[in-house]
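> Below is the structure I would like to discuss, written out as structure tokens.
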Amino acid sequence: MTQHLGAFAAAPRDLHAFIAGLPKAELHVHHVGSASPRIVSELAARHPDSKVPTDPEALVDYFTFTDFAHFVEVYLSVVDLIRTPEDVRLLTYEVARDLARQQVRYAELTVTPWSSTRRNIDERAFMDAIEDARKAAEAEFGAVLRWCFDIPGEAGLEAAEETTRLATDDRLRPEGLVSFGLGGPEIGVERPQFKPYFDRAIAAGLRSVPHAGETTGPETVWDALTHLRAERIGHGTNSFQDPKLLAHLAEHRIPLEVCPTSNIATRAVRSLDEHPIKEFVKAGIVVTINSDDPPMFGTDLNNEYAVAARLLNLDAEGLAALAKSAVDASFLDEAGKAAIRDEIDTYTSAWLAP
Ligand SMILES: O=C(O)c1cccc(C(=O)CC[C@H]2O[C@@H](n3cnc4c(=O)[nH]cnc43)[C@H](O)[C@@H]2O)c1
Ligand SMILES: [Zn+2]
């Protein structure tokens, strides 16, 4: 599963090692999209009626996408492998292990509960499974997880209603839930129709983090800001087409959750060298670096930092600043943010000491 990892190999050797040990926060990573080849093949073997390959080598081809619609089709075949609360718990716990191995201290994991409840996983059992894994991962790996529940937009308003209910019902809502999102394809899925659901989620104390501008233009990002009151934008890639939007994002300090390799894998951007991340930094926008669906895109967060180092010409101090931007843009409490920032500073000073 290494089709996109070339950029990491291209980073200078010591920068590669610096990134591997750098404490980090991941703000845009999907639950099912983080299933490692080992987990996918284990689940596929458990459910042999599935068309998902059981051989990790065959998964490399299976996870090569022709466009965003093809990506969603493949993504849903993996969603179909998650059939029991134990599948949910195993996936969540293993995802946390993979994050912790990369020195990710804090992650906001995007979970689509509707995809599981509609596949007859009991809603109470689903919440218990993710929470149980979250607590075990924090105790055993030291990785703090928080949840973003997202509406799968293409599934329509019934899915929006159900996701909002699951996110706002005090008897169900998990302790780790901090935010509310909107995912899936953007073409033909207008953002404004989701305003009432975001209003309810925001009123219940959740933060707004919709995907926008990944596969459609800047007008989708404006819609996310205006109608969904977005506090961060998932991707926001095509914002570069509108200078007024760039200025607005910079002035209002709305961070972009940039996922460079994802944009290449889904063919939203032609090549890494054409990625607009440089324009975002030049415009003064808060940029965070994320991995989206790492095993499906043959990447991980460390590789995304290596990609960013190359595209933005960053040294160790620049990478540490990028890591701190993600901490600052997160929904962690102030004490938690300060602790990770201190850890980043201590690590970087030790690295740079003669
Ligand atoms: O679960 C279903 O049965 C179902 C039925 C109809 C539509 C959907 C979806 O739209 C699921 C899409 C799913 O994709 C997730 N995702 C992962 N990576 C990305 C991304 O880069 N951009 C947008 N969406 C992404 C997202 O969390 C949705 O849940 C499902
Ligand atoms: Zn995403």
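> Any number yet on Rg/Rh for region 219-354, C-alpha, Kirkwood? It would help to have the intermediate numbers written out before the result.
Values: Rg = 15.3 Å, Rh = 15.7 Å.
Rg/Rh for region 219-354 comes to 0.97.
> Hey, another quick one. Which of the trypsin sites (Lys or Arg not before Pro) across region 19-72 are loop residues per DSSP, with 11 or fewer other Cβ within 10 Å? Walk me through the intermediate numbers first.
Numbers: sites: Lys24, Arg38, Arg46, Lys51; in loops: Lys51.
Answer by residue number: Lys51.
> Pull out a ≥ b ≥ c, the square roots of the eigenvalues of the alpha-carbon gyration tensor of the chain, then state rounded if a/c is under 1.5, prolate if not and a/b is larger than b/c, and oblate in the remaining case. List each step's numbers first, then the result.
Details: a/c = 1.31, a/b = 1.16, b/c = 1.13.
Cα axes put the chain in the rounded bin.
> What is the spread of the Cα atoms of region 120-269 along each of their three principal axes, largest first, in whole Å?
45, 34, 29
> Ok, one more. Once you've got the Cα coordinates, tell me which of Lys195/Lys282; Lys135/Lys324; Lys24/Lys135 are over 28 Å apart. Each step should come with its number before you reach the end.
On the way: Lys195/Lys282 31 Å; Lys135/Lys324 24 Å; Lys24/Lys135 19 Å.
Cα-Cα > 28 Å for Lys195/Lys282; rest within.
> Moving to a separate point now. Under unit Cβ charges (Lys, Arg +1; Asp, Glu -1), what dipole magnitude, rounded to 20 debye, does the chain have relative to its Cα centre?
Taking the Cα centre of the chain as origin, the dipole is about 400 debye.
> Rounded if a/c is under 1.5, else prolate if a/b is larger than b/c, else oblate: which is region 275-354, with a ≥ b ≥ c the root eigenvalues of its Cα gyration tensor? Write down the numbers at each step before the final one.
Numbers: a/c = 1.43, a/b = 1.27, b/c = 1.12.
Here region 275-354 falls in the rounded category.
> Explain nothing, just the number: dipole magnitude of region 86-185 about its Cα centre with +1 on each Lys and Arg Cβ and -1 on each Asp and Glu Cβ, in debye rounded to the nearest 20. Intermediate results must be reported in sequence, preceding the final value.
On the way: 13 positive and 20 negative charges, 57 e Å.
Using Cβ point charges on Lys, Arg, Asp and Glu, region 86-185 gives about 280 debye.
> Ok, one more. What does the highest-first list of 60-70, 163-173 look like by mean Cβ count within 10 Å?
Packing order, densest peptide first, comes out as 163-173, 60-70.
> Which of the trypsin sites (Lys or Arg not before Pro) found in region 203-234 are loop residues per DSSP with 15 or fewer other Cβ atoms within 10 Å of their Cβ? Write out the running numbers ahead of the final one.
On the way: sites: Arg207, Arg229, Arg232; in loops: Arg229, Arg232.
Passing both the DSSP loop test and the Cβ count: Arg229.
> Same structure again: What accessible area per residue, rounded to a whole number of Å², is obtained for region 255-354 using a probe radius of 1.4 Å? Mind showing how you got there, number by number?
Working: 3780 Å² over 100 residues.
Value for region 255-354: 38 Å² per residue.
> I need the peptides 112-125, 209-222, 248-261 ranked by packing, meaning the mean over residues of other C-beta atoms within 10 angstrom, with the highest value on top.
Values: 112-125: 17.9, 209-222: 24.1, 248-261: 21.4.
The peptides rank, most packed first, as 209-222, 248-261, 112-125.
> Would you please state the base-10 log of I(q)/I(0) at q = 0.20 1/Å for region 1-145, with intensities from the Debye formula using one equal scatterer on every alpha carbon?
Values returned for q = 0.20 Å⁻¹ are -1.34.
> Tell me, what ³J(HN,Hα) does each residue in region 277-284 have, in order and in whole Hz, if you take phi through Karplus 6.51 cos²θ - 1.76 cosθ + 1.60 with θ = phi - 60° and put x for Gly and Pro?
3, 5, 4, 5, 5, 4, 7, x
The values are calculated or read from the model by the stated rules, or taken from the named source; none is laboratory data. All of these numbers come straight from a predicted model, not from anything done at the bench. Here the Cβ is made from the backbone with ideal geometry for all residues, glycine too, and neighbour counts use every protein chain on show. Only protein heavy atoms, including side chains, enter the accessible area calculation; ligands, DNA and RNA are left aside. Shrake-Rupley method; radii C 1.70, N 1.55, O 1.52, S 1.80 Å.
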